[in-house]
Structure formats: structure tokens, C-alpha cells
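Have a look at the structure below, then the notes.
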Amino acid sequence: MGLGIFTVIEGIDGSGKGTQTKLLESYLKSKERPVFSRHYPTYESTELGSTILEMLQEETVLVHKPTYKQHTSDAIPLEIWCNQDHFLELGKHSLSPMVLQALFAVDRYQVDTENRRMLRAGHHLVFDRYYQSSVVYGQASGIDTKWLKSINSSLLQPDVAILLDTNPEVSNIRRPGRRDSFEKDFQLLEQVAFNYRQYWDLFCHSGKYHIVDANQSVDAVHHQIVKIWEEAIKRQ
């Protein structure tokens, strides 16, 4: 059994990432290919993920020291980028874009070793969001792009990165409810959509980054993603 294919499906909220992740996972299972999917942030599967969800929903949250120490020891030394006491205080009182992106990075790093192990074992990975989200959303929030890329630079890199390209108007129609602090900011989403296209343009020459028109039907988008995936495994 060879190495697995690592696929990331990205796009603004309401672009269909969750639907297309599940469809690709189901397709691979139907072909009897071992596959594992993740959603980032890991809202339900980790303590840190639930903390991130609370912050996105603008609920009062305290990132306490045991949690902080547990996850930074598994991943990256966040104290390099922000004073620990200040970090805890920001988590308690308000949503700081830099602190939030640092938490997103830790959330990804804490399962990075497991992701690599599964790929080596021949499992295909399909992720709903990955570090590309942090780069484009963080950039739209005014965070330095070099810093965002730096804290995510040691993560496992995708073999296939698919951008479901749509606009905030379509997103609002598809997801009128369940709006977190990012989804509620229409102007921010417009900037994020633009940032996504710019980011994908930087890597389109690699053959790994693909843009799919998410305004098509669900089936049409799925068939295009399957075609991209099958072409990727032929090149393996």
C-alpha cells in the first residue's frame, strides 16, 4: 500500500466545504479506499476546539493555564509570540485575532503527528479547512501574513488543495443562521473571498492548488473534485 493522498477543501463559510468533504469521503469509501476526514477547528473532539468555538460565538471564555500548557507542549511555543499572562487575559475578556489564530495553529499541530502516521499507513485524508483558512482570514483581520505563514509552516502540506470559490451573497443565502463572529461580518467575508483567490493564484503553478466554481450544483462540484482527486493519485 502506497502513501495516502492529503486533500484540503477550503472556501468562505457557506461555500459547501462540509458537504463536499462528506461527498468525497463517501466516494472514496465506495471505491474501498481507506479514508479519514477532519474538520478544523476540532470543535467537538478536543478541549481546545470547544474553547475556540466559544470564542467564535463571542461567549465569555477563560483559556486556563493547564489547557495552555498541555497544548503548547504538543505543538509550538506560543509564548514566543505573545506573553502568556496577556494571552490568558485576552482570552478571558475579548476576541483577539492574533490569539485566535495562535489557537487555531495549536489545534492543527496537536494532531499533525497522527495525520502523518495515517498517510504513511496508506489512509487518504480529506479535511474541511486547514491552515490556508488562517492565512486568508487572519490577513483580512489585519494580522501580518508572514507571521501567519510562519506559525503554520511546519504543518503537513496537502497534496491537493481545493478552493470552493463563491461570494458572500451566496454564502448568506445558504447559511442564514448559525453565524459566528466571522460569518456575521459581510465586509470581512468579501475580503476573505478575495484573499483566497489571491492565495490560490500564488500556488496554481504547483499543480496541487485548484479552484472550483462553488456556484454550480452540488453534484457538478463533486464530480469536478473527484476528477481532480483521481488525477492526483495517478501522479503519486
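Every number here is computed from the coordinates shown, using simple stated rules; none is lab data. Not measured: the values here are computed from a predicted model. We place every Cβ from the backbone using ideal geometry, glycine too, and count neighbours over all the protein chains shown.
With 10 angstrom as the radius, rank K234, K17, K29 by how many other C-beta atoms surround their C-beta, starting from the fewest.
The fewest-first ordering by Cβ neighbours comes to K234, K29, K17.
Extending each Cα 7 Å along its Cβ direction at K234 and H205, get the distance between those two points in nm, one decimal.
2.4
Can you tell me how segment 113-167 classifies by the Cα gyration tensor, rounded, prolate or oblate, using a/c under 1.5 as the rounded cut?
Since a/c reaches 1.5 but b/c is at least a/b, the shape of segment 113-167 is classed as oblate.
Among T42, T145, what is the fewest-to-most ranking by other Cβ atoms within 10 Å? Walk me through the numbers before you get to the answer.
Values: T42 18, T145 13.
Ordered by Cβ neighbours within 10 Å, fewest first: T145, T42.
Suppose each label sits 7 Å from its Cα in the direction of the beta carbon; what would the H39-S153 distance come out to in nanometres?
3.2
Calculate the spin-label point distance for T145 paired with N167, positioning each point 7 Å from the Cα along the beta-carbon direction, and give it in nanometres.
Once both label points are built, they end up 2.3 nm from each other.
Past the 30 Å Cα-Cα mark, which pairs from K22/K208; K17/K234; K29/K149; K146/K208?
The answer is K29/K149.
Residues in segment 114-145 near a label at E190, defined as backbone nitrogen under 16 Å from the 7 Å Cα→Cβ point?
140-141
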